[in-house]
1. Taking segment 90-111 only, how many residues are closer than 18 Å to R151 by Cβ and either more than 10 Å from the ligand (Cβ to nearest atom) or open to solvent by 20 Å² or more (accessible area, probe 1.4 Å) (or both)?
2. Just a yes or no: is a residue in segment 118-140 away from the ligand (no atom under 13 Å from the Cβ) and on the phi > 0 side of the Ramachandran plot?
3. Take residues that are among the acidic types (D, E) and touching a residue at least 24 places away in the same chain (Cβ under 8 Å) and tell me which of the helices (runs of 4 or more DSSP H) falling wholly in segment 1-119 contain 1 or more.
4. Can you list residue pairs whose Cβ atoms sit under 6 Å apart, with the first residue in segment 142-170 being more than 19 Å from H190 (Cα to Cα) and the second being in a strand (DSSP E or B) and open to solvent by 10 Å² or more (accessible area, probe 1.4 Å)? Count only pairs 6 or more apart in sequence or on different chains.
5. Helices (runs of 4 or more DSSP H) wholly in segment 133-249 with at least 3 residues that are surrounded by fewer than 23 Cβ atoms within 10 Å (Cβ to Cβ) and either in contact with a helix residue (DSSP H, G or I) (Cβ under 8 Å, 6 or more places away or on another chain) or of a type in the set (D, E) (or both) - which ones?
6. When residues of segment 157-180 are filtered for being farther than 24 Å from G130 by Cα and modelled with pLDDT of 95 or more, how many remain?
7. Would you confirm, using the coordinates I've provided, whether G81 is open to solvent by 10 Å² or more (accessible area, probe 1.4 Å) and near the ligand (Cβ under 10 Å from one of its atoms)?
8. What tally of residues in segment 219-240 results from selecting those that are more than 10 Å from V167 (Cα to Cα) and among the small types (G, A, S)?
Amino acid sequence: MDDIQLLFAERLSAIGVTMNDPERMTGQFEAYYRLLVEWNEKMNLTGITDRPAVYEKHFYDSLTLAKAADFSRISSIADIGSGAGFPSLPLKIVYPHLKITIVDALAKRIRFLEEVVSELGLVDVTCLHGRAEELGRLPAHRDRYDAATARAVARLAALNELCLPFVKPNGLFIAMKGSDVREELDESFHSLKLLNGELRDTLSLTLPNEGSARHLVVIGKKGPTPKAYPRKSGLPIKQPLLAGGAGKS
Ligand code: SAH
């Protein structure tokens, strides 16, 4: 392992994440990094390509999710708007038992993800090209997953409608947010109620080197998704479900 990989492993163990097969997992992260940089020359996957920054802002950041849930007790995850694979693929590398379903509306990102899955030899990862609003209505995905995740996809009021339909009753939705969540949380309570969610916790973190603030918003699912949701494609983001707002169905 080189310095960047050693620092990465140390930082993970500081948040309770152990790579129990370090040789294989370190190799998988490095292969992922190389594919990300190579494909990023042909398509827009990320603005971050500097190697230490990818390890911190994509790989480590994704794995901070382990502070919000015990992944040894979770078996299925739907990652909504996964883009270049964050946060679900770093989770899959470190917790190989997870069954991951990735949803992204952009076909070329799905092609990249399929390549990563195949090159890294990952199993039980399904990459779906489609909109969360449509896939969340299909019985195969609705109210099915132990957990849903989303990073950098939309504001919380919209995310609740995009992500909660995938979560089974008693499951979790964890939203990865940046520095300021107070206002987003306040405006999200109406959608949370309509989607049968309840706020469980908000965790504050800091990226160790870069120093910027992050928040993990942990939401529980109280019961099945009400029939009216998600509304048709585009509406959750264009007309989010806000108290007294135009977003009522
Ligand atoms: N989670 C990644 C990518 C964020 S970019 C990361 O943190 O790096 C947001 C991604 O969400 C894009 O790839 C976009 O195609 C996808 N997306 C946005 N709205 C969506 C929707 N309604 N259904 C599915 N994917 C969506």
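The values are calculated or read from the model by the stated rules, or taken from the named source; none is laboratory data. Here the structure is a predicted model, which means the values were calculated and not measured. Positions of Cβ are backbone-derived with ideal geometry, glycine not excepted, and every protein chain shown enters the neighbour counts. To get the accessible areas, we keep the full protein, side chains included, count just its heavy atoms, and leave off ligands, DNA and RNA. Shrake-Rupley method; radii C 1.70, N 1.55, O 1.52, S 1.80 Å.
1. Kept after step one, since they are closer than 18 Å to R151 by Cβ, are these residues of segment 90-111: 90-95, 98, 100-106, 109-110.
Next cut, either more than 10 Å from the ligand (Cβ to nearest atom) or open to solvent by 20 Å² or more (accessible area, probe 1.4 Å) (or both) only: 90-95, 98, 100-101, 105-106, 109.
Total satisfying the criteria: 12.
2. So far as segment 118-140 goes, yes, one or more of its residues are away from the ligand (no atom under 13 Å from the Cβ) and on the phi > 0 side of the Ramachandran plot.
3. 22-40
4. Between residues of segment 142-170 that are more than 19 Å from H190 (Cα to Cα) and residues that are in a strand (DSSP E or B) and open to solvent by 10 Å² or more (accessible area, probe 1.4 Å), the close pairs are D143/K168; R144/K168; Y145/S76; D146/S76; A147/L172; R151/M176.
5. Those helices (runs of 4 or more DSSP H) span 182-194.
6. 1
7. So G81 fits the description; yes.
8. Number of matching residues: 3.
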